[in-house]
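> So that we are looking at the same thing, I have put the structure below in structure tokens.
The values are calculated or read from the model by the stated rules, or taken from the named source; none is laboratory data. Because the structure is a prediction, the values reported are computed rather than measured. As a convention, Cβ positions derive from the backbone with ideal geometry for all residues, glycine included, and neighbour counts pool all protein chains shown.
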Amino acid sequence: MAKPSHGEPRELDVDGVPVRLSSPDRVVFPALGADGGTKAHLVEYYRAVAQRREDGSPGPLVRALADRPTYLQRFPDGIEGDEVYQKRVPAHAPGYVGTTRVTFPSGRHADALRVDAAAPVVWAAQMATVTFHPWPTRATEGGGPDGVQGWGGNDHPDELRIDLDPQPGTAFDEARAVALDVVAPLLDELGYAGHPKTSGGRGLHVYVRIEPLHEIRQVRRAAIALAREVERRAGGRVTTAWWKEERTAAIFVDYNQNARDHTIASAYSARRTPRATVSTPVTWAELADVAPDDCTIATVPALLARRGDPMAALDDVHHPLEPLLELAERDDAAGLEGLPYPPNHPKMADEPKRVQPSRARD
């Protein structure tokens, strides 16, 4: 029996690099069908947000991924089929696809995708990558501004990630309220510039660019301190409880998104949703009334053309982590213990028993 045809292969010009597109008519988003949900639609979206701008600057997605170890969330048979979460670049990848070495919590290594231009993005999309998952680190390292040494590399994050994750009984509106009422004023007090984006689902992310001088565990410690301060100020609307059985109908601040080998969907990544929504950067003013379901692979390129990229200035200032580490010291002095790591991490010295509270009581 002959295999079904998904259209003839063709070659795309991506900033002067030829990239082969096969099976362009294969449907990736069934709810959108052939009119908006094929692999060709997904690839063209990624080409639109990755290619160089008219002024020669990098595309917004390349800027978001640049030099970061990046994992690929692929759906070769569409989003209703099996998922391939790919951490390693395959040996048969084209020569224009770069890699960078990462270390897992187990101590093992892998060569992950390292984006430096639009062509590797389109190559990944051609393999039915729906979502790009970058690390909060960059492969580049060396001397920083004013000759600061020990700057960067894949062990030193330059991005603090605040993940506001709605729990049952809450949704995007509650995450938005916490971001506007609590997170934004707190960042102002700390002297930090926060850059919000929709998650592409019910949640919300806020990025803060930090000096890449601290090891990942220290950045996670700072993220815990920030999460606890948000919880204190939120009047019961926020939880930092790792175990789901302890969470209320609140917004969970997922501090472990700052742990090694944990990633968040990048800015301008499509998501596994029926509408092909996109994790979309917004200004704080836009956040007040943005409708996440309206930000899709069909609408975001026009939005970018109309008002530019709100995260274009993210790299302008790298903030010191010390204000949050001072908060962490205060919490330590108050007797607050560490919080659990994700299950793929070895037991750490600064965390409590890694066991569900109900089982511990038993």
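> Is there a residue in the range 59-68 that is farther than 26 Å from Arg275 by Cβ and not aliphatic (A, V, I, L, M)?
Yes, that holds for at least one residue.
> If you check Val14, Val62, Val43, Val84, which single one turns out to be more than 15 Å from Phe132 (Cβ to Cβ), at pLDDT 95 or above and surrounded by 13 or more Cβ atoms within 10 Å (Cβ to Cβ)?
Just one listed residue meets the conditions, Val14.
> A follow-up question, please. Hey, His205 hits all of (1) surrounded by fewer than 18 Cβ atoms within 10 Å (Cβ to Cβ); (2) in a strand (DSSP E or B) but one; which does it fall short on?
His205 satisfies all of (1) surrounded by fewer than 18 Cβ atoms within 10 Å (Cβ to Cβ); (2) in a strand (DSSP E or B) except (1).
> Say we look at the range 325-340 and pick out the residues that are over 24 Å from Glu211 (Cβ atoms) and of a type outside the set (Gly, Ala, Ser); which of these is surrounded by the fewest Cβ atoms within 10 Å (Cβ to Cβ)?
Here the residue is Glu337.
> When the range 1-40 is examined, which residues are found to be over 16 Å from Asp77 (Cβ atoms) and of a type outside the set (A, V, I, L, M)?
Scanning the range 1-40 gives Glu8, Pro9, Arg10, Glu11, Asp13, Asp15, Gly16, Pro18, Arg20, Asp35, Gly36.
> Sticking with this structure for a sec: Any residue that is on the phi > 0 side of the Ramachandran plot and either in contact (Cβ under 8 Å) with a residue 60 or more places away in the chain or of a type in the set (A, V, I, L, M) (or both) - is there at least one of those in the range 275-295?
Yes: one or more hits.
> Let me ask another. Of all residues in the range 165-221, which are β-branched (Val, Ile, Thr), over 13 Å from the mean Cα position of the chain (by Cα) and under 30 Å from Gln149 (Cβ atoms)?
If the condition is that a residue be β-branched (Val, Ile, Thr), over 13 Å from the mean Cα position of the chain (by Cα) and under 30 Å from Gln149 (Cβ atoms), then Ile210, Ile216, Val219 are the ones that fit.
> Please enumerate the residues belonging to the range 90-136 that are free of Cβ contacts under 8 Å to residues at least 12 places away in the same chain and in a strand (DSSP E or B).
His109
> Contact list please: Cβ distance under 7 Å, first residue in the range 137-153 and within 18 Å of Thr263 (Cα to Cα), second residue among the basic types (Lys, Arg), pairs at least six apart or on different chains.
Cβ pairs passing all conditions: Thr137/Arg68; Arg138/Arg68; Ala139/Arg114; Gly152/Arg138.
> Now, a different point. In this structure, does Thr198 turn out to be farther than 25 Å from Glu322 by Cα and either in contact with a helix residue (DSSP H, G or I) (Cβ under 6 Å, 6 or more places away or on another chain) or of a type in the set (Val, Ile, Thr) (or both)?
yes
> Among the hydrophobic types (A, V, I, L, M, F, W, C) and either modelled with pLDDT under 95 or touching a His at 6+ places or on another chain (Cβ under 8 Å) (or both) - does that describe any residue in the range 278-292?
no
> I'm told Gly147 meets every condition in (1) surrounded by 18 or more Cβ atoms within 10 Å (Cβ to Cβ); (2) closer than 22 Å to Glu211 by Cα except one. Can you identify the failing condition by its number?
(1)
> Does Ala34 meet the test of being of a type in the set (Gly, Ala, Ser), in contact with a strand residue (DSSP E or B) (Cβ under 9 Å, 6 or more places away or on another chain) and free of Cβ contacts under 8 Å to residues at least 24 places away in the same chain?
Here the answer is yes, as Ala34 does meet what is asked.
> Continuing with this model, one more query. I need every pair where a residue in the range 228-244 that is in a helix (DSSP H, G or I) has its Cβ under 9 Å from the Cβ of a residue that is at pLDDT 95 or above and of a type in the set (Ser, Thr, Tyr), sequence separation at least 6 or different chains.
Arg228/Thr240; Arg228/Tyr255; Val230/Thr240; Glu231/Thr239; Glu231/Thr240
> Another question, if that's okay. Looking only at the range 311-325, decide whether some residue is over 23 Å from Val253 (Cβ atoms), over 19 Å from the mean Cα position of the chain (by Cα) and not hydrophobic (A, V, I, L, M, F, W, C).
Within the range 311-325, one or more residues are over 23 Å from Val253 (Cβ atoms), over 19 Å from the mean Cα position of the chain (by Cα) and not hydrophobic (A, V, I, L, M, F, W, C).
> So, in the range 245-268, of the ones that are part of a helix (DSSP H, G or I) and more than 18 Å from the chain's Cα centre (by Cα), which residue ends up nearest to Asp181 (Cα to Cα)?
Restricting to residues being part of a helix (DSSP H, G or I) and more than 18 Å from the chain's Cα centre (by Cα), the top hit is Glu246.
> So if I check each of Glu211, Glu174, which one is of a type in the set (Asp, Glu), within 15 Å of Thr239 (Cβ to Cβ), surrounded by fewer than 22 Cβ atoms within 10 Å (Cβ to Cβ) and in contact (Cβ under 8 Å) with a residue 40 or more places away in the chain?
The match here is Glu174.
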